[in-house]
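No lab work stands behind these numbers, since they all come straight from the coordinates. Note that this is a predicted model, so its numbers are computed, not measured. Note that we place each Cβ from the backbone using ideal geometry, even for glycine, and neighbour counts take in every protein chain shown.
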Amino acid sequence: MTTIRKEIVTSAAPDEVWAAIRDIGALHTRLVPGFVVDTRLEPGARIVTFGNGAVVREPIVSLDDVARRLVWTVEGGRTTHFNGSIQVLGEPDGGARVVWLTDLLPDSAAPEIDAAMTAGAASMKGALDKRAD
């Protein structure tokens, strides 16, 4: 199993970052615009359409306001196992650190998922920094 980790630091306050992440139906407008172009909610999950046209169903496993942590899985796509989590941590200067982890199988899908997460992290940082300005 491959684990991929991405971190960004933003000048946005942790509570503001968490508000964008926990708004699970607004990936395409609040958190990663362009990287995700549409998000639709259904009971217990969201349907995510990415900028490259890929569409997956993401059942929500946990939404923890105290830990500011979201966990989801993915159905569809190239993986046989996918577990994603994202957590917001405070930074000493008042900004936030976002830690995004993905565990996946097969290992052969890792380069594609890593590249997608790199693009997603860049989109996220841009959107969050813009919100902080």
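For the stretch 87-102, the count of residues that are touching a strand residue (DSSP E or B) at 6+ places or on another chain (Cβ under 7 Å), over 17 Å from T39 (Cβ atoms) and without any contact (Cβ under 8 Å) to a residue 40 or more places away in the chain is at least one.
Per-residue answers, yes or no, for (1) touching a residue at least 40 places away in the same chain (Cβ under 8 Å); (2) farther than 20 Å from R131 by Cα; (3) in a helix (DSSP H, G or I); (4) in contact with a Gly (Cβ under 6 Å, 6 or more places away or on another chain):
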position: T3; (1), (2), (3), (4): yes, yes, no, no
position: A20; (1), (2), (3), (4): yes, no, yes, no
position: I24; (1), (2), (3), (4): yes, no, no, no
position: G53; (1), (2), (3), (4): no, yes, no, no
position: V56; (1), (2), (3), (4): no, yes, no, yes
position: L70; (1), (2), (3), (4): yes, yes, no, no
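Please specify each residue of the stretch 103-124 satisfying the condition of being in contact (Cβ under 8 Å) with a residue 24 or more places away in the chain, surrounded by fewer than 18 Cβ atoms within 10 Å (Cβ to Cβ) and not small (G, A, S). Across the stretch 103-124, the qualifying residues are D103, L105, P106, D107, E112, D114, T118. Within the stretch 59-70, the set of residues being closer than 17 Å to V48 by Cα and crowded, with 17+ Cβ neighbours inside 10 Å comprises L70 only.
Note on the stretch 26-51: among residues that are in a loop (DSSP other than H, G, I, E, B) and hydrophobic (A, V, I, L, M, F, W, C), the one that is surrounded by the most Cβ atoms within 10 Å (Cβ to Cβ) is V32.
Mind checking which residues of the stretch 71-95 are touching a Ser or Thr at 6+ places or on another chain (Cβ under 7 Å) and farther than 18 Å from A12 by Cα? Listed by number, the residues that qualify are V71, F82, N83, G84.
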